[in-house]
Amino acid sequence: MKRAFGVLLLTFVLISPAKAFFLTAIQEKGGGFGLKGEEVFWLLFRSEPFQGLIYDLAPPKAYIVLPEGGKQPVALRRTKIFDYAQGQKRYAWVAHFLPAGEGDYFLILETRPALVPGLKEVWQEYVKIPLHVGKGEAWERHLSLPAEIVLLTRPYGLEEGSLLRGRLYFQGKPLPQALIQVVPYHGCYLAAEDLPHNNFGEVEASRMYQNLLTDENGLFAVVLSRKGWWLLSARIPAGNYKMGEFTYPLFIRASVWIYVFPSFKPPEKAPLIQADPYK
């Protein structure tokens with residue numbers, strides 16, 4: 001057991017732990033869509049999305065930004081998720097919301113500043129998840145979060161291979177030359193031997209995480225190459241934070257979760273559009 005844990009720890013270090021503890025929010029069904037009068041559920045937990053490492057999550061502040069601009073608190077119910085790497089269950093949460101009308105909603109999750117064990121850093125997170133109900137075209141709204149990714153491509157109905165554009169804001173202003181990480185969520189645990197490796201047999205983090213920088217106007221663009229949930233997240237240095245007698249570097253995370261559908265393919269037996277024979 002000790003040897004296995006050592007392999008896991010080495011693998012985790014290779015993918016950079018300072019970038020891997022993400023607040024994960026997965027809609028149980030719908031892929032970013034919802035129905036008026038039908039409850040929507042999200043599973044909230046802390047994870048490394050690519051490999052499926054799971055950690056305990058303290059309850060975040062959760063609320064819905066309504067289409068008309070108001071806010072509605074969201075109740076959380078505690079649950080647990082099995083952590084295959086450590087062989088134990090981890091604390092997680094279920095958020096549920098009943099849309100009363102149609103339009104574009106956003107689930108917002110905010111964490112308190114927390115010390116990350118072993119890294120001597122304090123992190124605070126702002127996570128946004130779009131929800132489209134029936135009709136509405138307000139997906140591009142800037143919600144004025146302290147740190148926020150504002151999407152410039154409609155975030156629902158995307159298919160694999162779609163180009164997603166966005167702009168990163170920090171303290172109300174576009175943030176240039178900031179690192180954006182893009183990572184797919186597989187929904188399963190991958191052992192070290194299952195991760196991408198390079199030709200030298202080493203775990204290849206660059207194949208797990210896409211990294212890109214915002215331009216001078218805070219803009220970025222990325223291709224989402226496969227179906228499923230994707231995380232886009234920026235890690236922003238924000239000075240220092242004092243906890244007790246000690247002071248630590250503070251980092252703010254601005255994240256958004258997006259669902260990508262498989263490419264649509266017409267049925268093979270669909271009637272072809274043809275004109276009568278002509279010369």
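Structural remarks
- Of all residues in segment 141-182, those that are under 16 Å from residue 65 (Cβ atoms) and either surrounded by 19 or more Cβ atoms within 10 Å (Cβ to Cβ) or under 16 Å from the mean Cα position of the chain (by Cα) (or both) total 9.
- Residue in segment 130-144 that is without any contact (Cβ under 8 Å) to a residue 24 or more places away in the chain, under 21 Å from residue 26 (Cα atoms) and either touching a strand residue (DSSP E or B) at 6+ places or on another chain (Cβ under 9 Å) or of a type in the set (A, V, I, L, M, F, W, C) (or both) present: yes
- Residue match in segment 223-230 (condition: out of contact with any strand residue (DSSP E or B) (no Cβ under 9 Å at 6 or more places or on another chain), surrounded by 12 or more Cβ atoms within 10 Å (Cβ to Cβ) and either within 22 Å of residue 44 (Cβ to Cβ) or among the small types (Gly, Ala, Ser) (or both)): no
- Segment 68-97, subset outside any strand (DSSP E or B) and within 22 Å of the chain's Cα centre (by Cα), residue surrounded by the fewest Cβ atoms within 10 Å (Cβ to Cβ): 84
Residue-by-condition table, conditions (1) in contact with a Gly (Cβ under 7 Å, 6 or more places away or on another chain); (2) within 30 Å of residue 239 (Cβ to Cβ); (3) of a type in the set (Asp, Glu):
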site: 123; (1), (2), (3): no, yes, no
site: 133; (1), (2), (3): yes, no, no
site: 136; (1), (2), (3): yes, no, no
site: 139; (1), (2), (3): no, no, no
site: 152; (1), (2), (3): yes, yes, no
site: 168; (1), (2), (3): yes, yes, no
site: 175; (1), (2), (3): yes, yes, no
site: 192; (1), (2), (3): no, no, no
site: 201; (1), (2), (3): no, no, no
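- Condition check for residue 140: among the acidic types (Asp, Glu) and over 26 Å from residue 41 (Cβ atoms): no
- Residue count, segment 74-90 (criterion: farther than 28 Å from residue 132 by Cα and either in contact with a Lys or Arg (Cβ under 8 Å, 6 or more places away or on another chain) or basic (Lys, Arg) (or both)): 4
- Condition check for residue 189: in a strand (DSSP E or B), more than 16 Å from the chain's Cα centre (by Cα) and either among the aromatic types (Phe, Trp, Tyr) or under 21 Å from residue 253 (Cβ atoms) (or both): no
- A single entry from 119, 168 fulfils the requirement of being part of a strand (DSSP E or B), in contact (Cβ under 8 Å) with a residue 12 or more places away in the chain and of a type in the set (A, V, I, L, M): 168.
- As a summary of the residue check, residue 215 satisfies the conditions (1) modelled with pLDDT of 95 or more; (2) within 30 Å of residue 33 (Cα to Cα) except for the one numbered (2).
- In segment 200-214, the residues that are surrounded by 14 or more Cβ atoms within 10 Å (Cβ to Cβ) and in contact (Cβ under 8 Å) with a residue 12 or more places away in the chain: 203, 205, 208, 209, 210, 212, 214
- Criterion violated by residue 188 - all others in (1) touching a strand residue (DSSP E or B) at 6+ places or on another chain (Cβ under 8 Å); (2) of a type in the set (A, V, I, L, M, F, W, C); (3) under 21 Å from residue 23 (Cβ atoms) satisfied: (1)
- Filtering 75, 114, 85, 147 for residues that are among the small types (Gly, Ala, Ser), at pLDDT 95 or above and touching a strand residue (DSSP E or B) at 6+ places or on another chain (Cβ under 7 Å) leaves a single hit, 147.
- Yes/no for residue 154 being in a loop (DSSP other than H, G, I, E, B) and closer than 21 Å to residue 30 by Cβ: yes
- Selection status of residue 272, surrounded by 10 or more Cβ atoms within 10 Å (Cβ to Cβ) and either of a type outside the set (S, T, N, Q) or under 17 Å from the mean Cα position of the chain (by Cα) (or both): no
- Subset of segment 225-262 (residues that are at pLDDT below 95 and over 28 Å from residue 147 (Cβ atoms)): none
The values are calculated or read from the model by the stated rules, or taken from the named source; none is laboratory data. Computed from a predicted structure; not experimentally measured. Because the Cβ atoms are built from the backbone with ideal geometry, glycine has one as well, and the counts that use them run over all protein chains shown.
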